[in-house]
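Novice: The structure under discussion is supplied below as structure tokens; questions concerning it will follow.
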Amino acid sequence: MTHRLTTMKVMGTHRSPLQLITAGAILFSLVACATVPQPPNQELAAAETAITSADQARAVDYASAELHEARTKLAAARAAVQQEKMILAQQLAEQSRVDAELALAKAEAFKAKAINDEMMKSTDVMKQEMQRNTGDKQ
Amino acid sequence: MSTQIYRFNKLIAIMLTPVIFAACSAGPIKPEGADMARNNLIQLQSDPQLASRAPVAIQEAELAVRAAEVPQENVELGRHLVFMADRKIAIATFQAQSRLSEDQRKMLSEQRDNARLDSRTREADRAHSDATAARREANLANMDTEIALQQAADLQRQIAELNAKATDRGLVVTLGDLLFDTGKATLKGGAASHLGKLAAFLNQYPDRTVMIEGHTDNVGSEDFNLGLSQRRANSVMTYLVSQGVASNRLAAYGKGENFAISDNESASGRQQNRRVEIIIANTAARQ
């Protein structure tokens, strides 16, 4: 305490460029490298929302592996928050979110293709029926 | 004192500066897998079917790949960024595929509608031609009816021309004695026109059987009259057969003088009794 006060007093009196750089460097290093441990609440919420969306789209039918991974990572992210490993928690939450988003996108793509296949099939059936009817007539 | 502090500060500054640079500026290592992610993204961006169909997701993937390509001191962070980039590329690809399917659906729906329309058109055509055929059949039936009516009218007219009478036994055509010379069974020349009409009538209705009965007046012996009536009936039958009437439809009987239709006292009465009756059956022959 005494030491720091003295230092400040010295800085105030001398104002040499080197001292200013030093002070700046210390401040910068504090801000840049020593992250304040805050839980990644936003990322966790986003991951949860993405999983819910994928669930509602019945992604489990088409992309169960991705959805499972999303859930596992969200749980791991929460565990990391408990252990105050906030950077790891944030990364896991972000990964969980993209896993869930991938599950959703994959499921939507498969569903869209299934509808198209069904339409093609019914068109084929109609064409065959038509040919058969024409055959009967002749 | 102040010199000491100044030295201390200088020392801190000299020591911290490289630490700051090492910790917070980028190290030289590019994360493993970043190049692969870039390749995948380029592939997606150059796909003509997909590139334009998920612009937002592809932009996000581009940013993620750029972040992953930045050389990282921290290997874990690099791995995380590459993972994020890979996922973003996959998401963009699936979204583009969804959109592609949706766009194709319009075309498929058109194809299906066309197929349905075709099939309906053919059905309608078929129904139309069926209706036409039915109409044609109905017309034919009408025509048959008309023909039948026409035929019935013809029959009536012909019956009238033959002086035929409708009786329980059938149509009875009575040929007078003017067809034969007295005591002879040979047909006179004038008989041909009258019998010709009868033959034509019988040929027109080939399913009717015919009975030919000869009758006489009471002049002369009964046996002679019986023989004469039979011969005259036979003459008529022979003539009809010569005109194409099948002989199995015909039967000739000599009835003699016993079936008079008028008295034998007067000349006109005897004339009426000298006759050949042709009985045409109403019903069709069983054969």
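Novice: Go through B:Met143, B:Val236, B:Ala191 and say which Cα lies farthest out towards the positive end of the charge dipole of the range B:112-244; charges sit on Cβ, +1 for Lys and Arg, -1 for Asp and Glu.
Specialist: Value: B:Met143.
Novice: With a Förster radius of 45 Å, plug the Cβ-Cβ distance of B:Thr182 and B:Thr145 into 1/(1 + (r/R0)^6) and report the FRET value to the nearest 0.05.
Specialist: For B:Thr182 and B:Thr145, the calculated efficiency is 0.35.
Novice: Hey, can you grab everything whose amide H is under 5 Å from the amide H of A:Lys85? Only 5+ residues off in sequence or another chain; H modelled, so Pro and N-termini drop out.
Specialist: Residues meeting the criterion, in which the H sits 1.01 Å from N, do not exist here.
Novice: Go ahead and run the numbers for FRET between B:Val241 and A:Arg132, Cβ-Cβ distance against an R0 of 51 Å, rounding to 0.05.
Specialist: 0.25
Novice: Between B:Asn248 and A:Thr49, what is the label-point separation in nm under the 7 Å Cα-to-beta-carbon projection?
Specialist: 10.4 nm
Novice: Could I have the simple spin-label model distance between B:Thr167 and B:Ala281, label points 7 Å from Cα toward Cβ, reported in nm to one decimal?
Specialist: Distance between label points: 1.7 nm.
Novice: Under 17 Å Cα-Cα from A:Lys106, which lysines qualify once same-chain neighbours fewer than 8 residues away are excluded?
Specialist: B:Lys88
Novice: Considering the zone a paramagnetic label at B:Gln156 would reach in this model (a point 7 Å from Cα along the Cα-to-Cβ line), which residues of the range B:256-279 have amide N under 11 Å from it?
Specialist: Those under the cut-off are none; the list is empty.
Novice: Scan around B:Arg208 for amide H atoms under 5 Å from its own, H built in the peptide plane at 1.01 Å from N, and keep only partners 5 or more places away or cross-chain.
Specialist: Excluding prolines and chain starts, which carry no amide H, the hits are B:Ala285.
Novice: Hey, what D do you get for chain B in µm²/s if you plug the Kirkwood alpha-carbon radius into Stokes-Einstein at 20 °C and 1.002 mPa s?
Specialist: Using the Kirkwood radius from Cα pairs, D works out to 71 µm²/s.
Novice: Another one. Helix-only mean residue ellipticity at 222 nm, chain B, DSSP H runs n ≥ 4 weighted -39,500 (n - 2.57), per residue, nearest 500. What is it?
Specialist: -22000 deg cm²/dmol
Novice: Can you compute the modelled spin-label distance between B:Ala51 and A:Lys121, with each label point 7 Å from Cα toward Cβ, in nm?
Specialist: The answer from the label model is 3.5 nm.
Novice: Which Cα, out of B:Gly269, B:Pro31, B:Phe8, lies furthest along the positive dipole direction of chain B (beta carbon charges, K/R +1, D/E -1)?
Specialist: Most positive-ward Cα: B:Phe8.
Novice: Taking springs between alpha-carbon atoms closer than 10 angstrom, which of B:Thr216, B:Thr182, B:Thr132 fluctuates most in the Gaussian network model of chain B?
Specialist: Top of the fluctuation ranking is B:Thr182.
Novice: Which loop-located trypsin sites (Lys or Arg not before Pro) does the range B:145-211 contain, where loop means any DSSP state but H, G, I, E or B and the Cβ has at most 16 other Cβ atoms within 10 Å?
Specialist: When the trypsin sites (Lys or Arg not before Pro) of the range B:145-211 are filtered for loop state and at most 16 Cβ neighbours within 10 Å, B:Arg169, B:Lys184, B:Lys188 remain.
Novice: Calculated FRET efficiency, B:Arg135 and B:Tyr205, Cβ-Cβ r, R0 30 Å, to nearest 0.05?
Specialist: About 0.40, to the nearest 0.05.
Novice: Considering only DSSP states other than H, G, I, E and B, which GluC sites (Glu not before Pro) in the range B:222-277 qualify as loop sites with at most 13 other Cβ atoms within 10 Å?
Specialist: Loop-located and lightly packed - B:Glu265.
Novice: Taking a cut-off of 19 Å between Cα atoms, list the lysines near B:Lys255, but don't count ones fewer than 8 places away on the same chain.
Specialist: Here the lysines satisfying the reach criterion relative to B:Lys255 are B:Lys184.
Novice: Along its principal axes, what span do the Cα atoms of the range B:158-284 show, with the longest given first and each in whole Å?
Specialist: 39, 28, 23
Novice: Take the alpha carbon atoms of the range B:136-155, find their center, do the same for the range A:38-69, and report the distance between the two centers in whole angstrom.
Specialist: Going from one Cα centre to the other spans 84 Å.
Taken together, the values in this text are just the output of simple stated rules run on the coordinates, not laboratory data. Computed from a predicted model, the values in this text were never measured in an experiment. Ideal geometry is used to build each Cβ from the backbone, glycine not excepted, and the neighbour counts take in all protein chains shown.
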